[in-house]
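Scroll down for the structure; my scribbles are underneath it.
The values are calculated or read from the model by the stated rules, or taken from the named source; none is laboratory data. Since we're looking at a predicted model, the values are computed, not measured. When we count neighbours, we look across all protein chains shown, and the Cβ atoms used for this are built from the backbone with ideal geometry, even at glycine.
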Amino acid sequence: MILLAHFIASIFLATALFPYFGAYSLLVFVGGFLIDLDHVVFFYMKFRQINPLKMYIYFRQIGKKKKFKTYEQVFRPFHTIEIAVLMMVSSFFSQTMLIIAAGYFVHMLMDYSYELYIFKTIRNFSAILYLSGKK
């Protein structure tokens, strides 16, 4: 998914939540936009550099060329079912986490829609399964 799309969706969600949560609605950007920092960490670990242009090209080429095998190898810890459960549970106990979780779930919905459209499937998104090497 294009980063700009997540940013725009976060703007819309923050705007919708603003009447209810005021400035706290900006926390939507943590879950809706900043969770993609795990892409930066992966890129750095793989290539030992942080170059925004190369990073953008690398991830865009995976989608454009429909390289699902390469896509599956990208470990994104913030995009896992374990984090989703943590977000959901913590949102019951904290207004801050509720707002972050709202952004997170919109982000994930967008990512899964993109994966289904481009790759016709959704990748393994469990950290436990990924780290154990199981598909």
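Exactly one residue out of Phe29, Phe78 is part of a helix (DSSP H, G or I), aromatic (Phe, Trp, Tyr), in contact with a Ser or Thr (Cβ under 9 Å, 6 or more places away or on another chain) and surrounded by 14 or more Cβ atoms within 10 Å (Cβ to Cβ): that is Phe29.
Here is a check on your reading of the model: is Lys120 within 22 Å of Ala5 (Cβ to Cβ), surrounded by 12 or more Cβ atoms within 10 Å (Cβ to Cβ) and over 12 Å from the mean Cα position of the chain (by Cα)?
Working: within 22 Å of Ala5 (Cβ to Cβ): yes; surrounded by 12 or more Cβ atoms within 10 Å (Cβ to Cβ): no; over 12 Å from the mean Cα position of the chain (by Cα): yes.
It is false that Lys120 is within 22 Å of Ala5 (Cβ to Cβ), surrounded by 12 or more Cβ atoms within 10 Å (Cβ to Cβ) and over 12 Å from the mean Cα position of the chain (by Cα).
A single member of Leu37, Leu53 is more than 23 Å from Tyr117 (Cβ to Cβ) and touching a residue at least 24 places away in the same chain (Cβ under 8 Å), and it is Leu37. Once region 32-48 is narrowed to residues that are aliphatic (A, V, I, L, M) and closer than 20 Å to Ile99 by Cβ, the residue that is surrounded by the fewest Cβ atoms within 10 Å (Cβ to Cβ) is Leu37.
Mind listing just one residue for me: the one in region 81-135 that is of a type in the set (Phe, Trp, Tyr) and part of a loop (DSSP other than H, G, I, E, B) and, of those, farthest from Phe68 (Cα to Cα)?
To start, the set of residues in region 81-135 that are of a type in the set (Phe, Trp, Tyr) comprises 92-93, 104-105, 112, 114, 117, 119, 125, 130.
Retained after the next criterion (residues that are part of a loop (DSSP other than H, G, I, E, B)): 92-93, 125.
Working: Phe92: 35, Phe93: 37, Phe125: 13 Å.
The extreme case among them is Phe93.
Restricting region 1-29 to residues that are among the β-branched types (Val, Ile, Thr) and modelled with pLDDT of 95 or more leaves a set whose member that is farthest from Arg123 (Cα to Cα) is Thr15. Taking region 4-24 as the region of interest, how many residues are surrounded by fewer than 17 Cβ atoms within 10 Å (Cβ to Cβ) and touching a residue at least 40 places away in the same chain (Cβ under 8 Å)? Summing the residues that are surrounded by fewer than 17 Cβ atoms within 10 Å (Cβ to Cβ) and touching a residue at least 40 places away in the same chain (Cβ under 8 Å) in region 4-24 gives 2.
Considered as a group, the residues in region 82-112 that are under 12 Å from the mean Cα position of the chain (by Cα) and not aliphatic (A, V, I, L, M) include one that is surrounded by the most Cβ atoms within 10 Å (Cβ to Cβ), and that residue is Gly103.
Residue count for region 49-72, restricted to those that are among the polar types (S, T, N, Q) and either surrounded by 13 or more Cβ atoms within 10 Å (Cβ to Cβ) or in contact with a strand residue (DSSP E or B) (Cβ under 8 Å, 6 or more places away or on another chain) (or both): 1.
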